[in-house]
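Okay, so here's the structure we're looking at.
The values are calculated or read from the model by the stated rules, or taken from the named source; none is laboratory data. The shown structure was predicted, so the numbers you read here are calculated from the model rather than taken from an experiment. Cβ coordinates were reconstructed from backbone atoms using ideal geometry, including for glycine residues, and neighbour counts include every protein chain displayed.
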Amino acid sequence: MLQNQQLYFHLNQKMKEVPFQLYYSENRNQKFQLLHTNNKIKPTDEPLPFKSGGDNIQIYSDTEKTRVSFFYTEDACALLQLFSPTMALSDDELETMYVMFSYLGMESKMKTKDAELSSMIESIRSITSSLEPQDVLNKIITQALSVIHAADAGYLQLYDETTEELTSRAAVGFNSKLDQTRVKSGESITGKVFRDSTPVIYYSRDEIYEAMADLSAENFRHIQAASDSSKLRSLISVPLLLENKAIGVMTVQQYDAEGKLSEDDLHLLEGFAAQAAIAIHNAKLYQEANERLEEISELTKQLEEKNRLLLRRAEIHETLTQFSLQNKSIAFMIQELNRMINREIFFFDNLDAAFFPQKALHSLCVSHDEFSRILHTKKKPFSIHIVDRNQKEVHHYVYPIISDSVSLGCFLIPLVTPISSHDQMTIEQASYVLALELTKRKTQEEVYYKKTQELFNDLLQYKDPRLLEEAGESLGLHPKAFFSVLVMEVASYTDLQALEAVIHRLISRMKRHTHEKGTLIFGLHNKMTILFSTNAPNEIDEVIGSLQSQLPDWEDREETLLHAGVSTSYEGIHSIAKCYDEASKSLSYMINRKKTGIMSYKKIGINRLFLTQPFAEIESFSNDILSPLRSEKAQNNDLEKTLLTYIKSDKSVIETAEKLHIHKNTLYHRLKKIEELLQLELNNPDDFLQILLACHLHETV
């Protein structure tokens, strides 16, 4: 009854706004019985729904209602009518209801079994006061011997359908050897009694042993060892019948008792066996019922625990969501999360490379970059050993937070004690909320970057000093400061979400390296722009040098190539457009030559003259001049190498000869051959300029 009340309470809570009726039927021929309703709608008189297909849960909807049928074994069916055609139930809810509705027939079944049990206890009060199966079996054989006064010993065998054998389950007057007998149907006395469902009586030892002629040697040996059969005088064996089906055999034997086993004793034992079979069956049913009740109790506990966890999950999610809506900081959320699970928990923000709370930096000997590198490949929870400041190795549980395959960060929990299911659930809920919070903040920053770039682009277009100063003021720029621009581009990417995360992390790291007041950083798509603003040009050079040294590590960590170009430093806000133009040209120079790192506009040198020329045209010019030196014969004489060495040695014959390890006369011979092939004179200023330019472009292109 308690189970059904809990079920009705659950339904009322679930269907607060939806009228419903719950019916139940034991079998196809029985009408539905209305068990519960939360409204005054007239009960249905519809026939039992027919089960179509193999689904145990079937749903039918029309314009007025939704009917959900739950089918069980033996044609039992629960019917839930929802007077709402749009009411939707999830798969988990349907599965939960299927299990809960299976208990509806338990109350009536238990009442029936209790009535049968009371009747059996009353009719065989003399043979049982217990429903424990083995206790019932022991009392049956003991009481049988008290009823059959001429019997001295007896035993009870039950048929095992798995092994298809009769095994001894209770005995009086025999030792444990009897338990080792395994009698097949039709074998010896008890096997035939079981097979034919016919009782037998033997009045002499000879008759008994003759009937046992087909008993297996092993079984005969066990029976002989189980008792002193030399005094055996008579025997009665009767089947235990339940609904005309034999379930076992009961046998009594006479040794020394007065009197003689008779037909009356046989009939008395038959009647007793009939009651005993019922008692055995009842005890078995009682045992199964207890096992079922234990299963129901366990399922109920599981459902209650699941419901408690669901409520707790909703509470945690609501609490953290409210923090997000109130724009609480991540540090505040982590502090509250520590309070909720009552244990130390850290959070690593992989976008901004920051630990929360900040004391984590003092507790853990691990850097931002190390953790970022680990999370680059780890997408599922994992364990890791981390050395603390006391050089003690502590086991930690790491729970990554992923959004669209992008690692946003992770929870880091010291495993001082194991993580409970409650802690696990809390962490999971917190990960969802933090993922949304981090994504929201990332989106807000992207909007900020886009707006900043629009203002920056406007500033590049202004020529009027007044408008320039106004635009600079909106960006926090001092009009008379020194300015320089760095433009960086991510070379290769396949996932736009991952690219945005890379740009976000790069900007975050750049901000830590360029924390000067007035420095402007923003990124969009695969590019990032930094506008340096300082009081002295050398300060910018120092920052660029620091960034240059960090770039290889960033490329390795992000597994991508980075091209960057930086301008010369100029004074005054009017020079920003020139700075941006130089940085863009330097970036193009690096991209065209497939070089990574940061290229300063100053270091491009004479190549500035060719920045506007197509790369293919520059390469063609160099090849046109030097191609005569690349014939097979010329290569054998190292003519191209000789020319390049001669130019690098500032046309010094002695220095060139030493570098090539050749005699001066050999060098003169080669130089003359070079002039003939190129049809240019090395001492002619115009000709030499062409040669010098071709060699330079060959070296730098």
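Summary of values
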| read-out | value |
| --- | --- |
| Evaluation of Asn290 against (1) in a helix (DSSP H, G or I); (2) in contact (Cβ under 8 Å) with a residue 12 or more places away in the chain; (3) not hydrophobic (A, V, I, L, M, F, W, C) (one fails), failing number | (2) |
| Residue count for the stretch 174-223, restricted to those that are touching a helix residue (DSSP H, G or I) at 6+ places or on another chain (Cβ under 9 Å) and over 23 Å from Gly259 (Cβ atoms) | 27 |
| Some residue of the stretch 436-456 being touching a helix residue (DSSP H, G or I) at 6+ places or on another chain (Cβ under 9 Å), without any contact (Cβ under 8 Å) to a residue 60 or more places away in the chain, among the aliphatic types (A, V, I, L, M) and within 14 Å of Ile576 (Cβ to Cβ) | yes |
| Checking Val490 against (1) in contact with a Ser or Thr (Cβ under 7 Å, 6 or more places away or on another chain); (2) of a type in the set (A, V, I, L, M, F, W, C); (3) in the same structural domain as Ser383 (by TED's automatic domain parsing), the condition it does not meet | (3) |
| Of residues in the stretch 567-606 being among the small types (Gly, Ala, Ser) and part of a helix (DSSP H, G or I), the one modelled with the lowest pLDDT | Gly605 |
| Single residue of the stretch 254-295 satisfying the filter (over 60 Å from the mean Cα position of the chain (by Cα) and of a type in the set (A, V, I, L, M, F, W, C)) that is nearest to Ser230 (Cα to Cα) | Ala257 |
| Criterion (among the polar types (S, T, N, Q) and closer than 28 Å to His281 by Cβ) met by exactly one of Ser197, Ser204, Ser227 | Ser197 |
| Residue in the stretch 479-501 that is surrounded by the fewest Cβ atoms within 10 Å (Cβ to Cβ), counting only those that are assigned to a loop (DSSP other than H, G, I, E, B) and in contact with a helix residue (DSSP H, G or I) (Cβ under 7 Å, 6 or more places away or on another chain) | Pro479 |
| In the stretch 380-405, the residues that are modelled with pLDDT of 80 or more and closer than 20 Å to Leu496 by Cβ | Ile401, Ile402 |
| Out of Phe174, Phe70, sole residue that is part of a loop (DSSP other than H, G, I, E, B), crowded, with 16+ Cβ neighbours inside 10 Å and modelled with pLDDT of 85 or more | Phe174 |
| Subset of the stretch 662-692 [hydrophobic (A, V, I, L, M, F, W, C) and surrounded by 12 or more Cβ atoms within 10 Å (Cβ to Cβ)] | Ile662, Leu667, Leu671, Ile674, Leu677, Leu678, Leu680, Leu682, Phe688, Ile691, Leu692 |
| Qualifying positions in the stretch 227-266 - outside any loop (DSSP other than H, G, I, E, B) and more than 25 Å from Ala279 (Cβ to Cβ) | Ser229, Ser230, Lys231, Ser234 |
| Subset of the stretch 251-277 that is crowded, with 19+ Cβ neighbours inside 10 Å and among the hydrophobic types (A, V, I, L, M, F, W, C) - its residue that is nearest to Ser234 (Cα to Cα) | Leu261 |
| Verdict on Ala274 being of a type in the set (Gly, Ala, Ser) and either assigned by TED's automatic domain parsing to the domain that holds Phe194 or not in a helix (DSSP H, G or I) (or both) | yes |
| When residues of the stretch 607-659 are limited to those that are at pLDDT 80 or above and assigned to a loop (DSSP other than H, G, I, E, B), the one surrounded by the fewest Cβ atoms within 10 Å (Cβ to Cβ) | Asp650 |
